[in-house]
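Have a look at the structure below, then the notes.
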Amino acid sequence: MDKGEGALRMEKFQESMYQLIVETSTKLPKDVRRAIAKAKLRENAGTRAAMALTTIAENIQMADENVSPICQDTGMPTFKIKVPVGVNQLKMKEAIHRAIAQATKDGKLRPNSVDSLTGENSGNNLGDGVPVIKFEQWEKDYIDVRLILKGGGCENKNIQYSLPCELEGLGRAGRDLDGIRKCILHAVYQAQGQGCSAGFIGVGIGGDRSSGYELAKEQLFRSVDDVNPNEELRKLEDYIMENANKLGIGTMGFGGETTLLGCKIGVMHRLPASFFVSVAYNCWAFRRLGVKVSPETGEIQEWLYQEGENVDFAKELEKAAQSVPAEGREIVLEAPLTEEQVRQLKVGDVVRINGMMYTGRDAIHKHLMDHDAPIDLNGQIIYHCGPVMLKDENGNWHVKAAGPTTSIREEPYQGEIMKKFGIRAVIGKGGMGAKTLAALKEHGGVYLNAIGGAAQYYADCIKSVEGVDFLEFGIPEAMWHLRVENFTAVVTMDSHGNSLHEDVEKSSLEKLAQLKEPVFK
Ligand SMILES: O=C(O)C[C@H](O)C(=O)O
Ligand code: SF4
């Protein structure tokens, strides 16, 4: 049907897909905004959770205004498409690929497609199996395209249980509704703040390992405030929403009232021998949208997920402006840092950083273990960040989005690297483990937690890009030399052996154990 009268106009369709990609990456849907605004209302002014949510709200607002990515990790583009019989799916796929490459070139998507064997970044978000596009035919007379941009950090927190099993804090989970209940609570617990809580979960009960996950992800396409038509699952969703929020993990794992923003559960048949509960965890930066497209003109006929009130975060922030003094001390730091300065910092302090910081994530940490650094890192700050960058016509780089990445991936390297190069601070999110904590104490270092997903907020703190090394590792993995002003983060691991992450994990495990008794019999 791609030729002659009535054929889908591919140029227009490509433009529509481009619009969908840009809108999804830069503007959170209304239902998600409402859930975040509600969470913000529940937190007491002055707490770390309230401060983090204020930054998140500012970030959402800035992404709207700048038409720039809400989070620098623009995820694995996953399209679910329903098409009337006869529309050329091969041509649609090509048009989507072109739209993806264009959006990457324009800085609306980060080049995120990496060759798993060579580590080479394709640079345009295309590659084997990327983007994910799933077609289904239907009898209706329009094309329904839904897109989710789910980042890698929250994807890493997905989990699949095979029942029966033993769960920390909750004991045995059997092959029944109560066993399922325990798995879901455990899934929220094990994510802690690492997937940029507060999060949304999609749960798939049944299927095999792959269809179970597929079903879980499918749930993320449901509107946050829909009601499950299956009465048993509706009750389970309500139960999870109420009780997962008792875990006290809170925004970014800082502790707080809201840990979960949404829970959607689906069910399918299974094999007699298998009983999987699959959980897809999505960060607060829950980027999914959809459009109805004309199968003739290729034009967008309607945007989906548009029901209900649209929260204007600019107004919300005006209301909050007077009432948010941060918990703990507020300390201005000028990089490079001395050991003495760093040893004065304590968990709970809010720091505002001026001066230089250097990005370093997975490839660089691995590399630095047995190579020299390209610059003197003595006293410097490493930022776990893979930004979205654009080069202008004069060859100068500009930061388009630059929030933190999950630090725990660097746990095997971090302590040694800090000692080897004299690094005094690392900034990331989600915290690090015992090995790093011990190194901070021994060497005199600090871990600073930035607000995950707040990529516009942090991009605004970066005043200039003064250099780059390891560009051959790809844009997200390169070492960017950034000059910052008023870059705000919270001390969550200090040089005195204290870790907020350890504390929150411990207290949330105690709270999880209180939910051990059967509820659904
Ligand atoms: O890759 C990134 O920039 C962040 C990632 O999504 C993460 O949450 O760790
Ligand atoms: S950094 Fe956080 S907000 Fe961004 S994709 Fe990763 S988990 Fe989501």
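The values are calculated or read from the model by the stated rules, or taken from the named source; none is laboratory data. Just so you know, these numbers come straight off a predicted model, no measurement behind them. Because the Cβ atoms are built from the backbone with ideal geometry, glycine has one as well, and the counts that use them run over all protein chains shown. Just so you know, the surface numbers come from the protein's heavy atoms only, side chains and all, with ligands and any DNA or RNA stripped out. Shrake-Rupley method; radii C 1.70, N 1.55, O 1.52, S 1.80 Å.
Determine whether D226 is more than 16 Å from ligand 1 (Cβ to nearest atom), touching a Cys at 6+ places or on another chain (Cβ under 9 Å) and open to solvent by 40 Å² or more (accessible area, probe 1.4 Å).
In short, no.
Please go through region 456-481 and pick out each residue that is assigned to a strand (DSSP E or B) and either open to solvent by less than 10 Å² (accessible area, probe 1.4 Å) or of a type outside the set (G, A, S) (or both).
I462, K463, V465, E466, V468, D469, M479, W480, H481, listed by residue number.
To keep it simple, each residue is scored yes or no on (1) touching a helix residue (DSSP H, G or I) at 6+ places or on another chain (Cβ under 8 Å); (2) not in a strand (DSSP E or B).
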residue: Y189; (1), (2): yes, yes
residue: G204; (1), (2): yes, no
residue: E218; (1), (2): no, yes
residue: N228; (1), (2): yes, yes
residue: E242; (1), (2): no, yes
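Among what's in region 275-307 and is out of contact with any Leu (no Cβ under 9 Å at 6 or more places or on another chain) and either part of a loop (DSSP other than H, G, I, E, B) or small (G, A, S) (or both), pick the residue that is least open to solvent (accessible area, probe 1.4 Å). Lay out the reasoning, then the answer.
As a first pass, look at region 275-307 and keep what is out of contact with any Leu (no Cβ under 9 Å at 6 or more places or on another chain): 279, 281, 283, 299, 301-302, 306-307.
Retained after the next criterion (residues that are either part of a loop (DSSP other than H, G, I, E, B) or small (G, A, S) (or both)): 283, 299, 306-307.
On the way: C283: 14, E299: 89, Q306: 76, E307: 121 Å².
Among residues in region 275-307 that are out of contact with any Leu (no Cβ under 9 Å at 6 or more places or on another chain) and either part of a loop (DSSP other than H, G, I, E, B) or small (G, A, S) (or both), the one least open to solvent (accessible area, probe 1.4 Å) is C283.
Got a sec? Which strands (runs of 3 or more DSSP E) wholly within region 347-396 have at least 1 residues that are surrounded by fewer than 21 Cβ atoms within 10 Å (Cβ to Cβ)?
Hits in region 347-396: 350-359, 388-391.
Could you list, in sequence order, all residues of region 412-455 that are part of a loop (DSSP other than H, G, I, E, B) and either open to solvent by 30 Å² or more (accessible area, probe 1.4 Å) or among the hydrophobic types (A, V, I, L, M, F, W, C) (or both)?
Correct list: P412, Y413, I423, R424, M432, A450, I451, A454.
For the structure I just gave you, tell me whether L170 is in contact with a His (Cβ under 9 Å, 6 or more places away or on another chain), under 19 Å from N245 (Cβ atoms) and away from ligand 2 (no atom under 16 Å from the Cβ). Show your work before the answer.
On the way: in contact with a His (Cβ under 9 Å, 6 or more places away or on another chain): yes; under 19 Å from N245 (Cβ atoms): yes; away from ligand 2 (no atom under 16 Å from the Cβ): yes.
Yes.
Take region 153-182 and flag every residue that is in a loop (DSSP other than H, G, I, E, B) and either surrounded by 17 or more Cβ atoms within 10 Å (Cβ to Cβ) or not assigned by the TED database to the domain that holds K235 (or both).
K157, N158, L163, G169, L170
Surrounded by fewer than 22 Cβ atoms within 10 Å (Cβ to Cβ), assigned to a helix (DSSP H, G or I), of a type in the set (D, E) and more than 16 Å from ligand 2 (Cβ to nearest atom), is that true of E65? Give the derivation first.
Details: surrounded by fewer than 22 Cβ atoms within 10 Å (Cβ to Cβ): yes; assigned to a helix (DSSP H, G or I): yes; of a type in the set (D, E): yes; more than 16 Å from ligand 2 (Cβ to nearest atom): yes.
Against the criterion (surrounded by fewer than 22 Cβ atoms within 10 Å (Cβ to Cβ), assigned to a helix (DSSP H, G or I), of a type in the set (D, E) and more than 16 Å from ligand 2 (Cβ to nearest atom)), E65 qualifies.
Does region 294-305 contain any residue that is in the same structural domain as A52 (by the TED database) and either within 21 Å of the chain's Cα centre (by Cα) or within 16 Å of ligand 1 (Cβ to nearest atom) (or both)?
Among the residues of region 294-305, at least one is in the same structural domain as A52 (by the TED database) and either within 21 Å of the chain's Cα centre (by Cα) or within 16 Å of ligand 1 (Cβ to nearest atom) (or both), which makes the answer yes.
Just for region 45-70: of the residues that are touching a strand residue (DSSP E or B) at 6+ places or on another chain (Cβ under 7 Å) and within 15 Å of ligand 1 (Cβ to nearest atom), which one is nearest to V114 (Cα to Cα)?
Kept after step one, since they are touching a strand residue (DSSP E or B) at 6+ places or on another chain (Cβ under 7 Å), are these residues of region 45-70: 48, 68-70.
When the remaining residues are screened for being within 15 Å of ligand 1 (Cβ to nearest atom), the result is 68-70.
Working: S68: 22, P69: 20, I70: 21 Å.
Here the answer is P69.
Hey, any hits in region 313-328 for a residue that's in a loop (DSSP other than H, G, I, E, B), touching a Lys or Arg at 6+ places or on another chain (Cβ under 7 Å) and open to solvent by 30 Å² or more (accessible area, probe 1.4 Å)?
yes
Please go through region 484-510 and pick out each residue that is in contact with a Lys or Arg (Cβ under 9 Å, 6 or more places away or on another chain), surrounded by fewer than 17 Cβ atoms within 10 Å (Cβ to Cβ) and either outside any strand (DSSP E or B) or of a type in the set (D, E) (or both).
E485, H496, G497
Quick one: in region 267-293, of everything that is within 16 Å of ligand 1 (Cβ to nearest atom) and of a type in the set (K, R), which residue is farthest from G199 (Cα to Cα)?
Restricting to residues being within 16 Å of ligand 1 (Cβ to nearest atom) and of a type in the set (K, R), the top hit is R288.
Can you give me the number of residues within region 397-411 that are farther than 16 Å from G474 by Cα and surrounded by fewer than 20 Cβ atoms within 10 Å (Cβ to Cβ)? If you could, list the steps in order and put the result at the bottom.
From region 397-411, those farther than 16 Å from G474 by Cα are 403-404, 406-411; that's our starting set.
So of that shortlist, the ones also surrounded by fewer than 20 Cβ atoms within 10 Å (Cβ to Cβ) come out as 411.
Final tally of qualifying residues: 1.
Within 16 Å of ligand 1 (Cβ to nearest atom), open to solvent by 10 Å² or more (accessible area, probe 1.4 Å) and touching a residue at least 12 places away in the same chain (Cβ under 8 Å): does that describe G199? First the steps, then the outcome.
Values: within 16 Å of ligand 1 (Cβ to nearest atom): yes; open to solvent by 10 Å² or more (accessible area, probe 1.4 Å): no; touching a residue at least 12 places away in the same chain (Cβ under 8 Å): yes.
Against the criterion (within 16 Å of ligand 1 (Cβ to nearest atom), open to solvent by 10 Å² or more (accessible area, probe 1.4 Å) and touching a residue at least 12 places away in the same chain (Cβ under 8 Å)), G199 does not qualify.
Only residues that are more than 16 Å from ligand 2 (Cβ to nearest atom), more than 21 Å from R222 (Cβ to Cβ) and open to solvent by 10 Å² or more (accessible area, probe 1.4 Å): list them for region 68-98, please.
If the condition is that a residue be more than 16 Å from ligand 2 (Cβ to nearest atom), more than 21 Å from R222 (Cβ to Cβ) and open to solvent by 10 Å² or more (accessible area, probe 1.4 Å), then P84, V85, G86, V87, N88, Q89, L90, K91, K93, E94, H97, R98 are the ones that fit.
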